[in-house]
1. Name every residue in the stretch 31-46 that is open to solvent by less than 20 Å² (accessible area, probe 1.4 Å), among the aliphatic types (A, V, I, L, M) and more than 16 Å from CYS97 (Cα to Cα), in order of residue number.
2. Would it be correct to say that THR63 is touching a residue at least 24 places away in the same chain (Cβ under 8 Å), closer than 28 Å to VAL144 by Cα, surrounded by 14 or more Cβ atoms within 10 Å (Cβ to Cβ) and of a type in the set (S, T, N, Q)?
3. For the stretch 46-146, give me every one of the strands (runs of 3 or more DSSP E) that falls completely inside it and has 2 or more residues that are within 16 Å of the chain's Cα centre (by Cα) and aliphatic (A, V, I, L, M).
4. Answer yes or no: is there a residue in the stretch 135-148 that is modelled with pLDDT under 85, under 27 Å from SER83 (Cβ atoms) and open to solvent by less than 40 Å² (accessible area, probe 1.4 Å).
5. Could you say which residue among ARG28, ARG11, ARG56 is charged (D, E, K, R), closer than 28 Å to SER145 by Cα and surrounded by 14 or more Cβ atoms within 10 Å (Cβ to Cβ)?
6. Which number in (1) without any contact (Cβ under 8 Å) to a residue 24 or more places away in the chain; (2) buried (at least 16 other Cβ atoms within 10 Å of the Cβ); (3) not hydrophobic (A, V, I, L, M, F, W, C) marks the one condition that PRO50 misses?
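The values are calculated or read from the model by the stated rules, or taken from the named source; none is laboratory data. Please read all numbers here as calculations on a predicted model, not as lab measurements. Counting neighbours? That spans all protein chains shown, and the Cβs are built from the backbone with ideal geometry, glycine included. Side chains are part of the model used for accessible areas, which takes the heavy atoms of the whole protein and leaves out ligands, DNA and RNA. Shrake-Rupley method; radii C 1.70, N 1.55, O 1.52, S 1.80 Å.
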Amino acid sequence: MDAQLRLLLDRMEIRDLVTRYFAAADRRDFADLVGCFVEGTEVDYSDLLPVGPAARIAEVAATIDAAMAANYGPTQHFMGNHSCAVDGDTATAETYCLAIHQYLDPAVDDGGRPTSALRYLDRLVRTPEGWRIAYRRAVRDLSVSLPARDVPGWEPHGRMGL
């Protein structure tokens, strides 16, 4: 295969993997979320969650699951700027994300939606199953509460909403 075509396909597959991660988080499909990583991957989500800087992804997913179940209704993760550099069977990527959450408790929800501007700094490897994240550091650049209006009957949906 032509080297330029291989590079384009690799970059597309990596972007699709990051998109899969965000969709899994919003669907609360934590098995799929963990499946985006090499088994046993250590991640640094200490900027976002009460976990250490070298936590295993399965532990982080369980922490996210518990926090979301206790505190949040629907969430939306919007993927923004994405850059990656591929070097053979390894790659690095930086992905911007806007994460919007809805509180479950109306007493906590002051009419706004907690929103964070995040960056995910990844090292990836090509595996027999495709590209997977081998290390991730999550960085919160900004947190704000955006005004919101409730949408009657809106709730998270399954894959592709079909």
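1. Hit for the stretch 31-46 is VAL43, nothing else.
2. Working: touching a residue at least 24 places away in the same chain (Cβ under 8 Å): no; closer than 28 Å to VAL144 by Cα: yes; surrounded by 14 or more Cβ atoms within 10 Å (Cβ to Cβ): yes; of a type in the set (S, T, N, Q): yes.
Answer is no for this residue.
3. Values: elements: 72-87, 90-103, 112-127.
Counting at least 2 such residues, we get 90-103, 112-127.
4. Filtering the stretch 135-148 down to residues modelled with pLDDT under 85 leaves 143-148.
Still in the running and under 27 Å from SER83 (Cβ atoms): 143-144, 146.
Next, only the ones that are open to solvent by less than 40 Å² (accessible area, probe 1.4 Å) stay: none.
No - not one qualifying residue is present in the stretch 135-148.
5. Values: ARG11 fails: closer than 28 Å to SER145 by Cα; ARG56 fails: closer than 28 Å to SER145 by Cα.
Just a single option satisfies the conditions, and that option is ARG28.
6. Among (1) without any contact (Cβ under 8 Å) to a residue 24 or more places away in the chain; (2) buried (at least 16 other Cβ atoms within 10 Å of the Cβ); (3) not hydrophobic (A, V, I, L, M, F, W, C), PRO50 violates only (2).
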